[in-house]
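The values are calculated or read from the model by the stated rules, or taken from the named source; none is laboratory data. Bear in mind the structure is a predicted one, so any value in this text is a computation, not a measurement. Virtual Cβ from ideal backbone geometry, glycine too; neighbours counted across all protein chains shown. We work out accessible area using only protein heavy atoms, side chains counted, and drop any ligands, DNA or RNA first. Shrake-Rupley method; radii C 1.70, N 1.55, O 1.52, S 1.80 Å.
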Amino acid sequence: MMKPLVRLENITAGYNGEAVLEGVRLEIFPDDFIGVIGPNGGGKTTLLKVMLGLIKPWSGSVEYAGDPMPGTLMGYLPQHTDLDRSFPISVEEVVLSGLLPRKGFFTPYRKEHRLAAQSALEKTGINHLLHRAIGELSGGQLQRVLLARALVGSPRLLILDEPVTYVDNRFEGELYELLKELNRNMAILMVSHDVGTITSYIKTIACVNRTLHYHPSNKISEQQLAAYNCPIQIITHGTVPHTVLKKHS
Amino acid sequence: MDNLVSLFSYEFFTRAVLAALLAAVSCGIIGTYIVSRRLVFISGGISHASFGGIGLGYFLGVNPLAGAAVYAVLNALGLEYLTRRMNIREDSVIGILWSFGMAVGIIFIYFTPGYAPNLMSYLFGSILTVSAGDLWFLLTVTGVSGLFFLVLYRWIVYMAFDLPYIQTFRLPVGWISYMLMVLMALTIVVNIRVVGIILVISLLTIPQTIANIFTRNFGRMILYSILTGMVASLGGLMISFYFDIPSGASIIFLLSLLFILARGLTALLSGGARGNIPDERTEEEAGKIFIASE
Ligand SMILES: Nc1ncnc2c1ncn2[C@@H]1O[C@H](COP(=O)(O)OP(=O)(O)OP(=O)(O)O)[C@@H](O)[C@H]1O
Ligand SMILES: [Mg+2]
């Protein structure tokens with residue numbers, strides 16, 4: 001039996017005395033590709049933040065696999081960023097910040113780090129923006145920079161909160177292919193509203209709406225969603241290949 | 001010129017020149033952090049609040065700047081804690097600390113029996129009366145800041161840019177933010193002698209605003225700010241000396257002129273396309289607006 005990278009046990013968490021998540025348990029294994037779905041306000045982002053250690057749960061425990069190199073377990077793409085676009089920082093530096101744990105505290109970046117940053121930007125298709133200031137990017141370009149930052153440290157678990165909100169259709173397709181490839185070496189946890197599209201890439205599904213229901217397959221019917229207390233619609237698109245979802249009769 | 005050289009035979013003048021240079025270096029470093037992280041209002045609050053420490057120092061008979069240092073550091077740490085941990089609306093808290101500190105300062109100064117100290121020098125700076133002790137204090141804080149930024153530059157900049165992301169590494173970095181708040185408070189206090197409580201915030205923001213016209217790189221912003229600050233503080237020192245006016249006023253006056261000059265030049269060079277600063281604002285406001293508009 002493989003050991004989980006992250007293990008959430010009986011998590012209850014919320015804001016200002018109001019619980020958003022209750023009794024949540026989830027284990028993420030090294031070859032997982034989990035699609036996290038659920039209605040707006042269902043607690044998906046909160047779940048990710050608990051997992052990342054950004055929010056302290058009221059009760060329950062979060063356990064991490066031992067880090068061979070501290071700080072390199074998880075890479076994260078936030079859903080909303082209130083980043084200050086006028087901050088004096090370049091695209092390259094933002095991506096390099098994802099390598100801080102590999103660099104360490106008192107040593108400078110080396111050549112290999114800069115090459116890694118460039119190759120991460122190549123993967124997200126924007127290496128020509130390397131020296132741009134962050135304030136001179138479009139929303140989609142910024143999202144790709146932040147995606148490169150999440151990838152650059154080769155984390156063992158990649159956590160993506162709605163990675164396609166701002167990007168165009170073409171990159172959306174490319175991104176899913178990229179994730180599929182990355183999944184050979186790392187676990188991926190991805191929040192998405194587009195169940196129809198992601199289902200051919202993900203392996204399993206977690207439905208989050210205050211509670212978490214784990215669905216150990218990438219096919220899910222609307223009936224099952226209802227049973228999981230996860231009232232979302234399954235829409236399928238033509239632009240990206242997808243598997244046909246089971247319809248209940 | 002001979003005249004100028006002979007001035008250095010006066011110890012007070014040499015000290016003033018050193019203080020001007022160190023002020024530019026310390027404010028260049030910490031000011032860039034303040035402007036980048038948009039801590040301008042917090043710094044204004046801390047500098048004004050430190051007047052409470054000055055009053056307390058007088059009352060207790062200790063060095064007023066030592067009192068200000070303790071008071072400012074406590075305020076800064078409290079603010080960092082409140083805003084990071086409790087999600088409190090910091091601007092209201094700062095407003096209270098700001099005025100409370102000023103009130104405490106005045107009350108204690110009036111309670112102090114005997115003489116009424118020279119308030120003007122604390123409010124508007126008095127670079128020509130910098131003591132050897134003041135200078136050592138300034139040198140120490142500048143040295144520690146410089147070393148801190150040199151060694152932890154990347155961590156400092158990337159944490160300032162996106163702290164939550166750095167926190168996902170789950171590495172022990174919280175102390176870096178607190179250390180920066182302490183350095184910020186101390187930088188403010190050691191520069192009170194040079195430009196005064198009321199104007200210190202300008203020395204922490206105008207050079208950066210000028211630097212920001214020419215660069216979008218944190219490190220270069222520090223460097224350009226230091227150079228700009230040196231020109232203004234040395235020039236301001238001479239004006240203060242020859243016209244016998246508070247050094248804070250002359251330094252900030254020069255800095256504002258430099259800002260207008262730099263802004264005007266770049267506007268001219270780019271065909272006036274970027275010249276969008278309304279001219280009747282104060283430098284501080286103009287600085288904030290310029291940064292916000294980028
Ligand atoms: N910082 C916060 N302070 C207070 N309440 C919050 C905060 N963040 C989220 N909430 C509340 O917690 C609940 C869950 O929010 P969360 O962001 O986890 O939802 P989500 O599933 O990610 O939704 P979406 O699909 O819109 O991204 C919501 O009701 C929201 O109002
Ligand atoms: Mg969300």
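Mind checking the full-extension length gain between A:S154 and A:D168? Use 0.36 nm per residue of separation minus the Cα-Cα distance, one decimal, nm.
Values: separation 14, 0.36 × 14 = 5.04 nm, distance 2.47 nm.
My answer for the length gained is 2.6 nm.
What accessible area, summed over both chains, is buried at the A-B interface (1.4 Å probe, Å², nearest 100)?
Numbers: alone 12550 and 14280 Å², together 23920 Å².
Adding both sides of the contact gives about 2900 Å².
Taking Cα pairs under 8 Å and at least six residues apart, what relative contact order does chain B come out at, in percent? Numbers along the way, then the final one.
Details: 428 pairs, mean separation 80.4, N = 294.
With pairs under 8 Å counted, the relative contact order is 27 percent.
How many angstrom lie between the C-alpha centres of the range A:75-132 and the range B:241-272?
About 36 Å separates the Cα centre of the range A:75-132 from the one of the range B:241-272.
Distance between Cα centroids, the range B:96-169 to the range A:1-63: provide it in whole Å.
First find each Cα centre; the distance between them is then 42 Å.
Calculate what fraction, in whole %, of the accessible area of the range B:1-106 sits on carbon and sulfur atoms when a 1.4 Å probe is rolled over the protein chains.
Working: 3110 of 4640 Å².
Result for the range B:1-106: 67 percent of the exposed heavy-atom area is carbon or sulfur.
Roughly how many nanometres apart are two label points built 7 Å out from the Cα toward the Cβ at A:K219 and B:V5?
Simple spin-label model gives 9.4 nm for this pair.
Along its principal axes, what span do the Cα atoms of chain A show, with the longest given first and each in whole Å?
57, 43, 39
What whole-number value in Å² describes the accessible area per residue of the protein assembly as shown for a 1.4 Å probe? Provide the component values of the computation, followed by the final result.
Values: 23920 Å² over 543 residues.
The answer is 44 Å² per residue.
So how much slack lies between B:F111 and B:L269, counting 0.36 nm per residue of separation and subtracting their Cα-Cα distance, in nm? Walk me through the numbers before you get to the answer.
Values: separation 158, 0.36 × 158 = 56.88 nm, distance 5.68 nm.
That pair, B:F111 and B:L269, stretches by 51.2 nm at full extension.
Counting other Cβ atoms within 10 Å of each Cβ, which trypsin sites (Lys or Arg not before Pro) in the range B:174-259 have at most 14 and sit in a DSSP loop?
Values: sites: B:R193, B:R216, B:R220; in loops: B:R216.
Qualifying residues, ordered by number: none.
Quick one: what do you get for the protein assembly as shown if you divide its Cα Rg by 2.2 N^0.38 Å?
Details: Rg = 27.5 Å, N = 543, 2.2 N^0.38 = 24.1 Å.
Computed over Cα atoms of the protein assembly as shown, the ratio equals 1.14.
With N set to the number of residues, divide the alpha-carbon radius of gyration of the range B:2-293 by 2.2 N^0.38 Å and report two decimals.
On the way: Rg = 18.9 Å, N = 292, 2.2 N^0.38 = 19.0 Å.
In units of the globular-protein estimate, the range B:2-293 measures up at 1.00.
Please work out whether the range A:1-110 counts as rounded, prolate or oblate from its C-alpha gyration tensor, where a ≥ b ≥ c are the square roots of the eigenvalues and a/c under 1.5 means rounded, while otherwise a/b larger than b/c means prolate and anything else oblate?
Details: a/c = 2.13, a/b = 1.37, b/c = 1.56.
The shape class here is oblate.
Across peptide A:154-163, how many C-beta atoms of other chains are within 10 Å of each residue C-beta, on average?
On the way: counts 0, 1, 0, 0, 0, 1, 0, 0, 0, 0.
The per-residue average across the peptide is 0.
Could you list the chymotrypsin sites (Phe, Trp or Tyr not before Pro) in the range B:59-151 that lie in coil according to DSSP, counting only those with at most 14 other Cβ atoms within 10 Å of their Cβ? Present the calculation step by step, with values, prior to reporting the outcome.
Working: sites: B:F59, B:Y71, B:Y81, B:W98, B:F100, B:F108, B:Y110, B:F111, B:Y115, B:Y122, B:F124, B:W136, B:F137, B:F148, B:F149; in loops: B:Y115.
For chymotrypsin sites (Phe, Trp or Tyr not before Pro) across the range B:59-151 that sit outside H, G, I, E and B with at most 14 neighbouring Cβ atoms in 10 Å, the list reads B:Y115.
From other protein chains only, count the Cβ atoms within 10 Å of every residue's Cβ in A:91-104, then give the mean. Please list the in-between numbers first.
Values: counts 0, 0, 6, 4, 0, 2, 10, 4, 2, 9, 4, 0, 2, 2.
Rounded to a whole number, the mean comes out at 3.
Name the residues of the range B:144-186, by number, that are at least 50 Å² less accessible with every protein chain in place than in the isolated chain; the surface is that of heavy atoms, probe 1.4 Å, without ligands or nucleic acids.
B:R154, B:W155, B:Y158, B:F161, B:Y165, B:T168, B:F169, B:R170, B:L171
Among the listed pairs A:K44/A:K219; A:K180/A:K219; A:K3/A:K219; A:K3/A:K123; A:K56/A:K219, give every one whose C-alpha distance is greater than 23 Å. Don't skip to the end; give the middle numbers.
Values: A:K44/A:K219 20 Å; A:K180/A:K219 17 Å; A:K3/A:K219 25 Å; A:K3/A:K123 29 Å; A:K56/A:K219 33 Å.
Check vs 23 Å cut-off fails for A:K3/A:K219; A:K3/A:K123; A:K56/A:K219.
Would you please give the FRET efficiency between A:N16 and A:N40, computed as 1/(1 + (r/R0)^6) with r the Cβ-Cβ distance and R0 = 25 Å, to the nearest 0.05?
Details: r = 19 Å, r/R0 = 0.75.
For A:N16 and A:N40, the calculated efficiency is 0.85.
Report the percentage of all Cα-Cα pairs in the range A:102-204 whose separation exceeds 22 Å, rounded to a whole percent.
Numbers: 1742 of 5253 pairs.
In whole percent, the long-distance tail amounts to 33.
Solvent-accessible area of A:T204, probe 1.4 Å, all protein chains present, reported in Å² to the nearest ten, please.
20
In whole percent, how big is the carbon plus sulfur part of the accessible area of the range A:42-139, probe 1.4 Å, protein atoms only? Write down the numbers at each step before the final one.
Values: 2170 of 4210 Å².
Exposed carbon and sulfur together represent 52 percent of the surface.
Along the Cα-to-Cβ line of A:Y109, 7 Å from the Cα, sits a label point; which residues in the range B:146-177 have backbone N less than 19 Å from it?
Answer for this model: B:149-169.
Residues of the range A:51-87 with accessible area at least 30 Å² lower in the all-protein-chain context than alone (1.4 Å probe)?
Flagged in the range A:51-87: A:L52, A:L54, A:Y64, A:G71, A:M74, A:Y76, A:L83, A:D84, A:S86, A:F87.
Carbon and sulfur atoms: what percent of the 1.4 Å accessible area of the range A:143-241 do they account for? Don't skip to the answer; put the middle values down first.
On the way: 1950 of 4020 Å².
On the range A:143-241, the fraction of accessible area on carbon and sulfur atoms equals 49 percent.
For q values of 0.16, 0.22 Å⁻¹, compute log₁₀ I(q)/I(0) with the Debye formula on a Cα-only model of the range B:75-178, without solvent.
-1.03, -1.20
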